[in-house]
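**Q** Structure provided below as C-alpha cells; questions to follow.
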Amino acid sequence: MRLKLLLAYVGTCYSGWQIQKKPNPPRTIQDELETALHTLAGVRVRVHASGRTDAGVHAKGQVAHCDVPDSKSGFDWRSSLNALLPQDIRVIDACLVREDFHACNNGASKTYAYQFWQERRFIPPELAPFVWNCGPLDLKLMRRALPHLLGKQDFAALRNVGTDVKTTLRTIFSAEITEMPLMEDYPPHRPLLRLTVSANGFLKQMLRNISGLLAACGKGRTEPEAVSALLAARCREALPSATAPACGLTLLRVEYERNHTMK
C-alpha cells in the first residue's frame with residue numbers, strides 16, 4: 001500500500017534530501033526517513049519526494065510517498081515515525097493514497113519562500129538559520145523586477161549545473177515580496193523581506209538564483225528592467241549575481257491537481 005507523508009524539517013544539519021552514495025555518506029533527510037521506516041516496516045522502504053531540496057534548505061510542506069507492507073494498514077505512521085526521527089524532522093501528516101499517486105510526477109505547483117535579513121548590526125538567534133543576512137535592500141527596485149519573472153519562460157539562465165532535464169521551460173504563476181513586521185523585543189531594525197514564488201516547477205537552484213538576482217536589483221547593481229534580457233540570454237554565465245545561500249530558502253507547499261487520498 002502507498003503512504004503519503006507531509007514533512008517539515010530544518011535543513012541546516014543535512015546535506016539535502018537525497019541519499020548520497022559515498023564511503024562515508026553525510027546525513028540526508030531521505031536517509032533519516034528510510035532508516036525509521038525500515039525499523040517500523042521491517043523491510044527496506046524507498047521514499048520519493050516532490051523534489052530534492054539542497055543542503056541547508058528547509059521545508060514546511062515537503063510531500064513524499066513510499067510503499068509499505070499491507071499488514072501495516074492500521075498503523076499510526078505519523079506518531080511512530082516522529083518517535084524515531086530527529087527533532088528537526090517532523091511528519092506533519094501521514095495517510096494512505098491510491099497506488100497511482102506519485103509525490104513528484106503528480107505535482108501541479110510548488111511554492112517556496114526566501115527570506116532576506118537587512119539589518120547588519122544583529123540577527124535574532126531564532127531567525128539566523130532561516131535568513132540571508134544580505135544587508136539593506138531597496139524594496140521598490142526588487143518589486144519592479146518581479147513582473148519580468150512571471151509566466152512561461154526559458155529559465156536556463158537561472159539554472160545551476162548538476163541535474164539533467166528535458167526542458168528548461170517553467171511557468172511562474174506568482175511572485176511577491178512582503179515586508180514583514182518588526183521583530184518584538186529587539187532594538188529598531190530594518191524589516192525582514194520575504195519573497196514567495198509559486199511555479200509549476202523549479203530548475204536546480206533556480207529560486208536561489210532568483211533571490212540573488214533580486215538582491216542585486218535591491219542593491220542597485222542590476223537594473224530591474226534588465227531581467228528580461230538576462231533571461232533571454234539563456235546562459236547562467238550571463239547572470240551578474242551570485243546564487244543566494246541555501247539557509248534563506250524554505251519549501252512551503254506542494255499542490256496536486258486531484259486528491260489521491262483513500263477513503
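**Q** Given the conditions (1) farther than 30 Å from VAL91 by Cβ; (2) outside any helix (DSSP H, G or I), which single one is not true for LEU213?
**A** Of everything listed in (1) farther than 30 Å from VAL91 by Cβ; (2) outside any helix (DSSP H, G or I), LEU213 misses just condition (2).
**Q** Among the residues of region 222-242, how many are of a type in the set (A, V, I, L, M, F, W, C) and either outside the structural domain of SER211 (by TED's automatic domain parsing) or in contact with a strand residue (DSSP E or B) (Cβ under 9 Å, 6 or more places away or on another chain) (or both)? Before you say what the answer is, go through the steps one by one.
**A** So the first thing to find is which residues in region 222-242 are of a type in the set (A, V, I, L, M, F, W, C), and the list is 226-227, 229-233, 235, 238-239, 242.
So of that shortlist, the ones also either outside the structural domain of SER211 (by TED's automatic domain parsing) or in contact with a strand residue (DSSP E or B) (Cβ under 9 Å, 6 or more places away or on another chain) (or both) come out as 231-232.
Looking only at that region, the number is 2.
**Q** While we're on this one: Of the conditions (1) under 24 Å from ASN259 (Cα atoms); (2) in contact with a Phe, Trp or Tyr (Cβ under 6 Å, 6 or more places away or on another chain); (3) at pLDDT 95 or above, THR111 clears all except one; give me its number.
**A** Failed condition: (2).
**Q** Write out, first by first residue and then by second, each pair whose Cβ atoms fall under 6 Å of each other, whose residues are 6+ apart or on separate chains, and whose first residue, in region 149-175, is free of Cβ contacts under 8 Å to residues at least 24 places away in the same chain while the second is surrounded by 14 or more Cβ atoms within 10 Å (Cβ to Cβ).
**A** Cβ pairs passing all conditions: LYS152/THR171; LEU169/ASP154.
**Q** Then there is this: Taking the criterion of being part of a loop (DSSP other than H, G, I, E, B) and not acidic (Asp, Glu), would at least one residue in region 223-230 satisfy it? It would help to see each step written out before you state the result.
**A** Applying the first criterion (part of a loop (DSSP other than H, G, I, E, B)) to region 223-230 yields 223.
Narrowing the set further to residues that are not acidic (Asp, Glu) leaves none.
Looking for residues that are part of a loop (DSSP other than H, G, I, E, B) and not acidic (Asp, Glu), one finds none in region 223-230, hence no.
**Q** Okay, moving on. For region 6-63, enumerate the residues that are among the aromatic types (Phe, Trp, Tyr) and in a loop (DSSP other than H, G, I, E, B).
**A** Within region 6-63, the first condition is being among the aromatic types (Phe, Trp, Tyr), and the residues that meet it are 9, 14, 17.
Selection gives TYR14, TRP17.
**Q** Hey, can you tell me all the residues within region 206-263 that are under 30 Å from ARG2 (Cβ atoms) and of a type in the set (Asp, Glu)? Show your work before the answer.
**A** Taking region 206-263 and keeping what is under 30 Å from ARG2 (Cβ atoms), we get 206-207, 249-263.
Within region 206-263, GLU255, GLU257 qualify.
**Q** Name the residue that is surrounded by the fewest Cβ atoms within 10 Å (Cβ to Cβ), counting only residues in region 237-254 that are part of a helix (DSSP H, G or I) and not acidic (Asp, Glu). Let's see the steps before the verdict.
**A** Initial filter on region 237-254 (part of a helix (DSSP H, G or I)): 237-238, 246-248.
Checking which are not acidic (Asp, Glu) leaves us with 238, 246-248.
Working: ALA238: 13, ALA246: 18, CYS247: 19, GLY248: 26.
Filtering first and then ranking leaves ALA238.
**Q** Residues of region 76-104 being crowded, with 19+ Cβ neighbours inside 10 Å and part of a helix (DSSP H, G or I), which ones?
**A** Of everything in region 76-104, those that are crowded, with 19+ Cβ neighbours inside 10 Å and part of a helix (DSSP H, G or I) turn out to be TRP77, LEU81.
**Q** Let me ask you something else. Filter region 112-127 down to the residues that are within 14 Å of ARG194 (Cα to Cα) and either surrounded by fewer than 18 Cβ atoms within 10 Å (Cβ to Cβ) or small (Gly, Ala, Ser) (or both) and list them by number.
**A** ALA113, LEU127 - these are the residues of region 112-127 that are within 14 Å of ARG194 (Cα to Cα) and either surrounded by fewer than 18 Cβ atoms within 10 Å (Cβ to Cβ) or small (Gly, Ala, Ser) (or both).
**Q** For the condition loosely packed, with under 13 Cβ neighbours inside 10 Å, of a type outside the set (Val, Ile, Thr) and within 18 Å of LEU150 (Cα to Cα), what is the one hit in GLU225, GLU184, GLU257?
**A** Values: GLU184 fails: within 18 Å of LEU150 (Cα to Cα); GLU257 fails: within 18 Å of LEU150 (Cα to Cα).
Answer to the selection: GLU225.
**Q** Further, regarding this structure: Return the residues of region 143-172 that are surrounded by 13 or more Cβ atoms within 10 Å (Cβ to Cβ) and of a type in the set (A, V, I, L, M, F, W, C); say none if nothing qualifies.
**A** Result: ALA145, LEU146, LEU149, LEU150, PHE155, ALA156, ALA157, LEU158, LEU169, ILE172.
The values are calculated or read from the model by the stated rules, or taken from the named source; none is laboratory data. Keep in mind that this is a model prediction, so the values were computed, not measured. Don't worry about glycine lacking a Cβ; one is built from the backbone with ideal geometry, like all the others, and counts go over all protein chains shown.
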